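Trainee: Can you read through this structure? Questions will come right after.
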Amino acid sequence: MPQSMNPPGRARALAAASGTHEADDADGVGGAGAAGARHVFVYGTLRAGGRNDIARYRPAPVRIADAAIAGTLYDFGAYPGAALDGAGRIVGEVYRIDAQVEAALDVLEEVAEDDSGEYLKRVLPVQTTDGRWFDCLVYEIHPSRTVGRAVIDGGDWIAHLRR
């Protein structure tokens, strides 16, 4: 995945411009969180119970809440890819992670500095199902890779696997 990441401040500015705000999570960590901590929105194999369940990483990510973002979820066979466009909804989970886990996720998702990899790393304001907002890393599938791919109705990878 190519790295085309907006700085966290930009996401905060977007959230402020849209009238949203960041709130503290249950353990008192708001926004970018504790020193070195970030938040990530996962929607596919990294979700709880998925074959790449994020809980297997160390230091252990902290699950914050369920969430959904706007976009289109595509089926790539063994995994999904999210395009941050369209009027659809993508179901996922928000976790607090540290830089070590973020680096491991970049490798898993094939992020490339020149935007030529399989995924692009973005930062977006994400609202959890309980109403809190977080600046989250979101791994977006490279737009060139969605051509001819089936859309996953309902935007939920785990539910899609159960069908």
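Trainee: Quick one: how many residues across segment 84-103 are of a type outside the set (D, E, K, R) and surrounded by 15 or more Cβ atoms within 10 Å (Cβ to Cβ)?
Mentor: From segment 84-103, those of a type outside the set (D, E, K, R) are 84, 86-88, 90-92, 94-95, 97, 99-101, 103; that's our starting set.
Imposing the further condition that a residue be surrounded by 15 or more Cβ atoms within 10 Å (Cβ to Cβ) reduces the set to 84, 88, 90-92, 94-95, 97, 101.
Here the count works out to 9.
Trainee: Would you check which residues across segment 90-139 are more than 16 Å from Arg38 (Cβ to Cβ) and of a type in the set (Asp, Glu) and list them?
Mentor: Glu110, Glu113, Asp114, Asp115, Glu118, Asp130
Trainee: Quick one: which of Gly81, Gly77 is of a type outside the set (Ser, Thr, Tyr), within 19 Å of Arg163 (Cα to Cα) and crowded, with 20+ Cβ neighbours inside 10 Å? Explain how you work it out, then say what you get.
Mentor: On the way: Gly77 fails: crowded, with 20+ Cβ neighbours inside 10 Å.
Of Gly81, Gly77, the one residue that is of a type outside the set (Ser, Thr, Tyr), within 19 Å of Arg163 (Cα to Cα) and crowded, with 20+ Cβ neighbours inside 10 Å is Gly81.
Trainee: Just to be sure, is Thr128 within 13 Å of Phe41 (Cα to Cα) and out of contact with any Leu (no Cβ under 9 Å at 6 or more places or on another chain)?
Mentor: Against the criterion (within 13 Å of Phe41 (Cα to Cα) and out of contact with any Leu (no Cβ under 9 Å at 6 or more places or on another chain)), Thr128 qualifies.
Trainee: Looking at (1) farther than 29 Å from Gly36 by Cα; (2) under 16 Å from the mean Cα position of the chain (by Cα); (3) not aromatic (Phe, Trp, Tyr), which is the only condition Val62 fails?
Mentor: So the condition that Val62 fails would be (1).
Trainee: Can you tell me which residues in segment 130-163 are more than 17 Å from Ala112 (Cβ to Cβ), in contact (Cβ under 8 Å) with a residue 40 or more places away in the chain and among the acidic types (Asp, Glu)?
Mentor: Result: Asp130, Asp135, Asp156.
Trainee: Name the pairs: first residue in segment 89-110 and touching a residue at least 24 places away in the same chain (Cβ under 8 Å) and on the phi < 0 side of the Ramachandran plot, second residue aliphatic (A, V, I, L, M) and in a helix (DSSP H, G or I), Cβ to Cβ under 7 Å, at least 6 apart or on different chains?
Mentor: Tyr95/Ile54
Trainee: I'd like to verify a number: residues in segment 124-136 that are out of contact with any Phe, Trp or Tyr (no Cβ under 6 Å at 6 or more places or on another chain), of a type outside the set (D, E, K, R) and crowded, with 23+ Cβ neighbours inside 10 Å, how many?
Mentor: 1
Bear in mind that the values in this text are calculations on the coordinates, not laboratory data. Note that the structure is predicted; figures quoted are calculated from it, not measured. Please note: Cβ atoms are built from the backbone with ideal geometry, for glycine as well, and neighbour counts cover all protein chains shown.
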